[in-house]
Structure formats: structure tokens, C-alpha cells
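The values are calculated or read from the model by the stated rules, or taken from the named source; none is laboratory data. Quick caveat, the model's predicted, so the values are computed rather than measured. No Cβ is skipped: glycine too gets one built from the backbone with ideal geometry, and neighbour counts run over all protein chains shown. Heads up: the accessible areas ignore ligands, DNA and RNA and are worked out on the full protein's heavy atoms, side chains in. Shrake-Rupley method; radii C 1.70, N 1.55, O 1.52, S 1.80 Å.
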Amino acid sequence: MEPKNQTVLEFHLKGLSEDPDLQPTLFGLFLSMYLVTVLGNLLIILAIISDSHLHTPMYFFLCNLSLVDIFFSSTTVPKMLVNIQTQSTAIPFAGCLAQMYAFHLFGTMDSFLLAVMAIDRLVAIGYPLRYSVLMSPYICGLLVGGPWAITNLQSLVHTCLMAQLTFCAGSEIPHFFCDLMPLLKLSCSDTHTNELVIFAFGIIMGLSPLFCILVSYICIFRAVFRIPSAQGKWKAFSTCGSHLTVVSLFFGTIFVVYLQPASPTSSQKDKMAALMYGVVIPTLNPFIYSLRNKDMKAALRKLGSKAVSSQP
């Protein structure tokens, strides 16, 4: 037990399970998922960069999403794998703050990119003749650069406020990474300001991308229903299929877990939610966006052919 007047210098992550028999299985599972995430998203990025046909706003945003997914998964999984392998749960205070900063930066950026991709689909379907003007390189840069600035500011504010707290209520975090609320529960300082900031940012940064996606798809559906031919309707809808799948998985997970009443198993639900949108969904994204997209499959085949032909 830490003395009451001593600030904790390191924390201990309890992880997903303390059962030693489960550790080899968890290590193999999450190592495999992490490798698939990194390799799959890297392939998408390389395919988009190498194929001039994919140098369009839609694939520019997808390239950014794949990059963010790599960073998002890398925030938590490597540390979890090291902890399992070394049987050590310790993480220094500075490392904990860095992990918290990165997790909220890339997690929020994920949701903003999904919103930006919804706007792109709205412009492509609703205003096809003005698409190249409305989605110019300058506008695309703003649509990506703006969220990067906002999400960095959010993470910086959370981290600076957390760094000012004193932690003397123990050092064990019931999670597999350092997150805001589990850390606040360990603090013996006044956390009222932190909680207000978390609530405010949660409303603004959480609901604004979702609101943008909902409005975009309402407008998309209205535009699609005005298309006279069934073939035209299907072609328009088909460009949204992969994006809708990812949006449903990402926000559906958050709603299913966080809109339920608090219970003794809430911390376990938090772990499952973080696993889904921080580990599982970044692993699935390359499959969702490549298997349902003819242009992406063609670009990946070209990339594979180039790799084979370059072999001695």
C-alpha cells in the first residue's frame, strides 16, 4: 500500500486477465491481430500512393484513416504484449500520460476522419458536377488538418490537467492501458475540473462527428432516392457500403457499452469497448475497405505484381 502522502511514480496495469493459463493465448491472439493491423493498413497506404487512379479525395481520406489506425493500435497493443511476455505490469507515470495522450488523439481522430469521409461521399453523390471544386486539394487538406489540430489540443488539455494531480490512492489500474477515468479514480486531488473538461470534450468531440455523419447520410439518402434508375441508386449506395460498415462498428460499440447503466461489471465493459474500437476495428478496416472495393483490389494486385517482378 502506498503511503497517503506519497505521489505514485509508476502504475500497474491489470490487463485483460490475471489468469496465467490465459496469457499465452492472449499474447498469440493480440500479436496476430496487431501484425494484421499494421501490415493490412500499410498495404492500403502503399496501394493508394503507388496507383495514380487512387489519387482522389476518397482514397486520400482512406490513406489517412489507415495511418491513424496503425498509430491507434500501436498505442496500446505493443505495451500489452510486452507486459504479457515479461510478466511485468509496471508503466511509469510519464509513459502512462503519453499513452493516454496518444489513445485519445488517435481515437478521436478516427471518428473525425469517418465524419470527413461521410462529407466526401455526400459531395460525390449529391454534387457530382462540382465535386472537383468542392473537394479541391486545399479543402481536403483543411478537412484533415483541422481535426488533427483539434484532437491534439484535446489530448494536450487532458494530459496537462492529469499531470497536475497527485496520485496516492494506490497504483493499480483495472485496465490494459492508461485511460482517463481509471486514472482519475486513483487521484487524491480535487478532480472536479478534470471531470468537467472530460464531459465538455466528450460532448463536443464525441457528438460532432456523429452528428456530421448522420446529417451527411440523410442528405445522401435523399439524393440517392432522386436518382431515376435502380442501377444508378445501387451504384451510388455501393460507394458508401464500406464506410457505413466501419461507422456502424465504431459507434455501435461505443453506444452498446457506454449507454448501459453503471454496474459492478462496468470496468470490464470499458475494456471490451476499448478492445473493439482500439484493436479489433483497426484490424478489420483493411479487409472491409479492400474486399468490397474493386479499385482497391486492383491496386493491391498491381502492388503485388510489382513486388513479385522486382524479386531477383
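Scan TRP148, TRP234 and give me the residue that is modelled with pLDDT under 85 and open to solvent by 10 Å² or more (accessible area, probe 1.4 Å).
Numbers: TRP148 fails: modelled with pLDDT under 85.
When all the criteria are applied, what remains is TRP234.
May I ask you to list the residues in the range 127-140 that are open to solvent by 30 Å² or more (accessible area, probe 1.4 Å) and either under 18 Å from PRO209 (Cβ atoms) or not aliphatic (A, V, I, L, M) (or both)? Spell out the reasoning first.
Pass one, the range 127-140, residues open to solvent by 30 Å² or more (accessible area, probe 1.4 Å): 127-134, 137-139.
Across the range 127-140, the qualifying residues are TYR127, PRO128, ARG130, TYR131, SER132, PRO137, TYR138, ILE139.
Out of the range 12-33, which residues are open to solvent by less than 60 Å² (accessible area, probe 1.4 Å) and more than 15 Å from VAL82 (Cβ to Cβ)?
Hits for the range 12-33 are SER17, MET33.
Cβ contacts < 6 Å: first residue among the β-branched types (Val, Ile, Thr), restricted to the range 131-151; second residue in a helix (DSSP H, G or I), any location; separation 6+ or different chain. Result?
VAL144/ASN64; THR151/LEU105; THR151/THR108; THR151/MET109
For the range 25-81, what are the residues that are more than 22 Å from ILE119 (Cα to Cα) and acidic (Asp, Glu)?
ASP51
Among what's in the range 87-119 and is β-branched (Val, Ile, Thr) and within 30 Å of CYS240 (Cβ to Cβ), pick the residue that is most open to solvent (accessible area, probe 1.4 Å). Step through it out loud before you land on a result.
Kept after step one, since they are β-branched (Val, Ile, Thr), are these residues of the range 87-119: 89, 91, 108, 116, 119.
Among the residues that remain, those that are also within 30 Å of CYS240 (Cβ to Cβ) are: 108, 116, 119.
Details: THR108: 20, VAL116: 8, ILE119: 48 Å².
It comes out as ILE119.
Is it true that some residue in the range 280-289 is farther than 28 Å from SER74 by Cβ, part of a helix (DSSP H, G or I) and modelled with pLDDT of 85 or more?
Narrowing the range 280-289 to residues farther than 28 Å from SER74 by Cβ: none.
No: the range 280-289 contains no residue that is farther than 28 Å from SER74 by Cβ, part of a helix (DSSP H, G or I) and modelled with pLDDT of 85 or more.
Under 30 Å from ARG301 (Cβ atoms) and open to solvent by less than 50 Å² (accessible area, probe 1.4 Å): is that true of GLY40 in this structure? Outline the logic, then answer.
On the way: under 30 Å from ARG301 (Cβ atoms): yes; open to solvent by less than 50 Å² (accessible area, probe 1.4 Å): yes.
It is true that GLY40 is under 30 Å from ARG301 (Cβ atoms) and open to solvent by less than 50 Å² (accessible area, probe 1.4 Å).
Which pairs have Cβ atoms under 6 Å, sit 6 or more apart or on different chains, and link a residue in the range 269-287 that is surrounded by fewer than 18 Cβ atoms within 10 Å (Cβ to Cβ) to one that is part of a helix (DSSP H, G or I) and not charged (D, E, K, R)?
Hits for this filter: LYS269/VAL257; ALA273/THR253; ALA273/VAL257.
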